Amino acid sequence: MPKMKSTMERREFLAGMALLMAVAPMAAHAKPAPSPYQPLLREVAQLVIPRSATPGAGEVGVGAFVLLALDHGLEGTRGFDHAAWLKTALGTGFLTQPLARRRSALAALDARAFAGDAAAKPWLAIKRLILLGYYTSETGGSKELQYVHVPGRYDPDLPLKPTDRAFSSDWTAVDFG
Amino acid sequence: MDFDAIVVGSGITGGWAAKELTEAGLKVLMIERGREIRHQQDYTTEMKMPWDMPFRGHGDSDLFDRDYAVQRLNRHFTEFTQPHFVNDAQNPYQTGPDTRFTWFRSYQLGGRSLTWGRQTYRWSDYDFAANARDGQGTDWPIRYADIAPWYDKVESFIGVSGAKEGLKQLPDGQFQPPMALNVVETHVRAEIAKRWPERCLTVGRTANMTEGKPEEGRAPCQNRSICARGCSYGAYFSTQSSTLPAAMKTGNLTVITDAVVEALDYDPATRRVTGVRYIDTKTRTRKTARARMVFLNAGSFNSVHILLNSAPGGLANSSGVLGTHIMDHATTLSAAALMPGFEHHTTFGNRPTGIVIPRYCNMDQMDGIGHARGFSFQGGALQSTWTQGNRMAGIGAEYKEKLRHPGPWRMVLVGFSDCVPRATNRLTLDPVKTDAHGLPQLRVDFAFGKEEHAALAQAKAEAAEMLIAAGGKVLMGFDQPGPAGTAIHEMGGARMGHDPKTSVLNKWSQSHDIANLFVTDGAQMSSSACQNPSLTYMALTARAAHAAVGMLREGRI
């Protein structure tokens, strides 16, 4: 083990090791290339799913996941540079604008895409990837929503209260809902 | 290596053949083309969460396009289940110019018993008499009474949960207690029954157990609904959870994996098969195994492939129909509807089965519109979760809050139509293209006809009517079948029949030409019915094994 200069360094090192241990066996091949679009995607993810009682999408690494996903063509994104398109669509100064302006610019793009504006269509795939990244993260899947790997029973009719959280582990709902 | 019997394949029927033959005291060799997968130890993704996976369970699209271009179209194929499906790039097949055929395969110990949909339905005499009634295909040499005791045996052993409904077209079986219809399905069942008493919505009869079999190391279903990853609880029927341990217990079974059978050895002097030739894929050497009889259970198309590759013009093919009359159910999403009125209801747990509305037309009256056989529906009611956000405009706090809670109830009905057996739908060996082992690739020529299109058109109209009658708002529905193979019920190619001149197998799933050769997987099917076929394959396998053992003991084979 390398020598540590400070407790902070040691803590970061251990956290880094833990992260590496967690992802190393399967994810070793799945590292995205370093991307200049990382700050943009992190911010856009956070605007779509902001912090509430639980962290937002940018905070839990969804920006990086979206870049990885784009790199591997998820959601039919192969053959078109979605990240570059997004940067152009939101304008070069996007990240330096105040939060309210960033939010309204993205909301306008989202509204155009859902209204069928062909020029805004690439946003739909990016948004799907943000949702996928967030609700399959540990935070989004098990803190914002509920995740039960082994339910052990099936209750066919329970009262639903307005505060009840959905299940990210309801695979049929994920597939067909 | 000399055995009493060789079983080629270790899937749903191979496991049954091995169990029945070894329990009868025969020394059996089971040959599996794929790798070994051990129960419990080798279900590598079973306990993984989405965040444990590099691509969150969704998978690497580039990899899937390159190596799993067909398999990825299977709805059970995910990053979690990918280890249980074949690599398409390494296992190519050819299709005719007008054919779209998605051939979903699992080359491994246990075969597709690990990935199957587990729906378990008896066929009735409407099905076994279908060819005789409308003159298409050749008459089955058996009827329901011939197979009913074997259905009993198979259901009792594999563990099937389901509700008895007393339907002639979908006979009741040896069921464990049914899984429950959810609140919306219960409502829809009642509304349909009010208006159409002959239509019965019931919970899917599934080989997921609601009661354990502790003596066999099998626990009841945990309602995870991630079956195709493999189930360490042994709660659904697979070779690994059920038939393989039973066969191993006899001490009479030898299993070889990573061994691709290329052909059967045939002795024209005795008119008997003497064994199989196979390629040990680990050492890339060719080997032979010998036995007194052979059971082909390689999967419908691969069993036919082996016969086609065993002799010029095909082995056991004096009839000339080997490879012909292949079928797959024509299937499509007949209707999807929003089901308002249940906003204060929800469920807990993931039930690993849906609902079924069994065939209700062309039974005692020919009332089908433009077709003479049956269709049925599977599907279910479900409540949306976060993926509804894909269709929803909006960003920010309010959007996140909406996705935090269960969304609207929806109900889907997926139609499955009987597939008419046709001589033009057939398997051949590609004259040029070979696979990695140098074997000719299989070529599939297949098209649905006007009967299947008419059935799915009627299914679309009536699915919408039923959901509307139950208060639903129909969102969409289709009447065109997906590509053939979509139902993953490919069958036929070595059909059973009375006449050796027009069929490959007799009523014991035994070759008309070669007495010690049995084909007991889906290849033996003479018609398709409109319900899932796996239970019938298993029952026919157990029945054939019993007959074969008797013939062997009597010295007839």
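The values are calculated or read from the model by the stated rules, or taken from the named source; none is laboratory data. The shown structure was predicted, so the numbers you read here are calculated from the model rather than taken from an experiment. As a convention, Cβ positions derive from the backbone with ideal geometry for all residues, glycine included, and neighbour counts pool all protein chains shown. Ligands, DNA and RNA are stripped out before the accessible areas are found, and what is left, the full protein with its side chains, is counted by its heavy atoms. Shrake-Rupley method; radii C 1.70, N 1.55, O 1.52, S 1.80 Å.
Using a 1.4 Å probe on the protein heavy atoms, what percent of the accessible area of chain B belongs to carbon and sulfur?
Summing carbon and sulfur atoms, their accessible area is 52 percent of the total for chain B.
Using protein chains only and a probe of 1.4 angstrom, how many square angstrom of B:Ser156 are accessible, to the nearest 10?
Its accessible surface works out to 60 Å², give or take rounding.
Which value in nm describes the separation of the simple spin-label points at B:Asp2 and B:Asp125, placed 7 Å from the Cα toward the beta carbon?
Taking the two extended label points, one gets 4.7 nm.
How shielded is A:47-53 by partner chains, expressed as the average number of their Cβ atoms within 10 Å of its Cβ atoms?
4
Taking R0 as 51 Å, what FRET efficiency do you get between B:Asp152 and A:Ser52 from their Cβ-Cβ distance, rounded to the nearest 0.05?
Result of the calculation: an efficiency of 0.35.
For the protein assembly as shown, just say rounded, prolate or oblate: build the C-alpha gyration tensor, square-root its eigenvalues into a ≥ b ≥ c, call rounded for a/c under 1.5, and beyond that prolate if a/b exceeds b/c, oblate if not.
Prolate, because a/c is 1.5 or more and a/b exceeds b/c.
Please sort by residue number the trypsin sites (Lys or Arg not before Pro) in the stretch B:165-196 whose DSSP state is loop and whose Cβ has at most 14 other Cβ atoms within 10 Å.
B:Lys168
What angle do you read, to the nearest 10 degrees and between 0 and 90, between the alpha-carbon axis of helix B:12-23 and the longest principal axis of chain B?
50
Just to confirm my numbers, what's the Cα centroid distance between the stretch B:166-208 and the stretch B:106-139 in Å?
The stretch B:166-208 and the stretch B:106-139 have Cα centres separated by 20 Å.
What ranking do A:101-107, B:71-77 get when scored by the average of other Cβ atoms within 10 Å per residue, highest first?
My ranking of the peptides, most packed first, is B:71-77, A:101-107.
Report the residues of the stretch B:30-58 in range of a label on B:Gln90: point 7 Å along Cα→C-beta, backbone N strictly under 12 Å from it.
B:34-36
Order B:Lys287, A:Lys161 by their accessible area, 1.4 angstrom probe, all chains in place, largest first.
Reading off the accessible areas and sorting them downward yields A:Lys161, B:Lys287.
How high is the relative contact order of chain B, in percent, counting Cα pairs under 8 Å that sit 6 or more residues apart?
Taking the mean separation of contacting Cα pairs over the length of chain B, I get 22 percent.
Please work out the C-alpha center-to-center distance from the stretch B:1-59 to the stretch B:465-536 and express it in whole Å.
23
Could you calculate the contour length gain from B:Lys433 to B:Asp513, that is, 0.36 nm times the residue separation minus the distance between their Cα atoms, to one decimal place in nm?
Extending this stretch completely gives an extra 25.9 nm.
What 222 nm value per residue comes from the helices of the protein assembly as shown, counting each DSSP H run with n ≥ 4 as -39,500 (n - 2.57) and dividing by all residues, nearest 500 deg cm²/dmol?
Value at 222 nm, helices only, nearest 500: -8500 deg cm²/dmol.
Between rounded, prolate and oblate, where does the stretch B:77-130 land on the alpha carbon gyration tensor, with a ≥ b ≥ c its root eigenvalues, rounded for a/c under 1.5, else prolate if a/b exceeds b/c?
The shape class here is oblate.
Check which residues have an amide H placed less than 5 Å from B:Gly368's amide H, if you skip close sequence neighbours.
Under 5 Å from the amide H of B:Gly368: B:Asn362.
Quick check on my link table: of B:Lys287/B:Lys501; B:Lys19/B:Lys507; B:Lys164/B:Lys460; B:Lys194/B:Lys400, which ones sit more than 31 Å apart, alpha carbon to alpha carbon?
B:Lys287/B:Lys501; B:Lys194/B:Lys400
Round to the nearest 10 and give me the degree value, 0 to 90, for the angle of helix B:534-553's Cα axis relative to the longest principal axis of chain B.
On a 0 to 90 degree scale, this one is about 20.
Taking Cα atoms, how many degrees apart are the long axis of helix B:144-158 and the longest axis of chain B, rounded to 10 and kept between 0 and 90?
70
Can you order the peptides B:515-528, A:49-62 by their average number of other Cβ atoms within 10 Å per residue, highest first?
B:515-528, A:49-62
Which sequence of B:Leu333, B:Leu308 reflects their accessible areas, 1.4 Å probe, from the largest down?
Most to least solvent-accessible, the answer reads B:Leu333, B:Leu308.
What is the average number of partner chain Cβ atoms found within 10 Å of a Cβ in B:361-370?
Shielding by partners across B:361-370 averages 0.
In nm, to one decimal, how far is the modelled label at B:Lys501 from the one at B:Thr44, with both set 7 Å along Cα→Cβ?
Label-label distance for B:Lys501 and B:Thr44, simple model: 5.5 nm.
If I stretch the segment between B:Asp172 and B:Ala393 completely, what's the gain in nm (0.36 nm per residue apart, minus their alpha carbon distance), one decimal?
74.8 nm
Using θ = phi - 60° and the Karplus form 6.51 cos²θ - 1.76 cosθ + 1.60, what ³J(HN,Hα) does each residue of the stretch B:51-62 get, whole Hz, x for Gly and Pro?
Values, residue by residue: 6, 7, 9, x, 10, 6, x, 7, x, 8, 4, 4 Hz.
Which loop-located trypsin sites (Lys or Arg not before Pro) does the stretch B:461-557 contain, where loop means any DSSP state but H, G, I, E or B and the Cβ has at most 10 other Cβ atoms within 10 Å?
Of the trypsin sites (Lys or Arg not before Pro), the ones in loops of the stretch B:461-557 whose Cβ has at most 10 other Cβ atoms within 10 Å are B:Arg556.
Taking the simple approach of a point 7 Å from Cα along Cα-to-Cβ for both B:Thr270 and A:Ala100, what is their distance in nm?
Going from the B:Thr270 label point to the A:Ala100 one covers 9.3 nm.
Let me confirm one metric for peptide B:61-68, namely the mean number of other chain beta-carbon atoms within 10 Å of its residues' beta-carbons.
Going residue by residue through B:61-68 and averaging, the value is 3.
Suppose the chain between B:Lys473 and B:Trp196 were pulled fully straight at 0.36 nm per residue; how much longer would it get relative to their current alpha carbon spacing?
Computed gain between B:Lys473 and B:Trp196 is 97.8 nm.
Return the long-range amide H neighbours of B:Lys213 (sequence gap of 5 or more, or a different chain), with a cut-off of under 5 Å between placed amide H atoms.
B:Arg218, B:Ala219
Solvent-accessible area of B:Asp479, probe 1.4 Å, all protein chains present, reported in Å² to the nearest ten, please.
50
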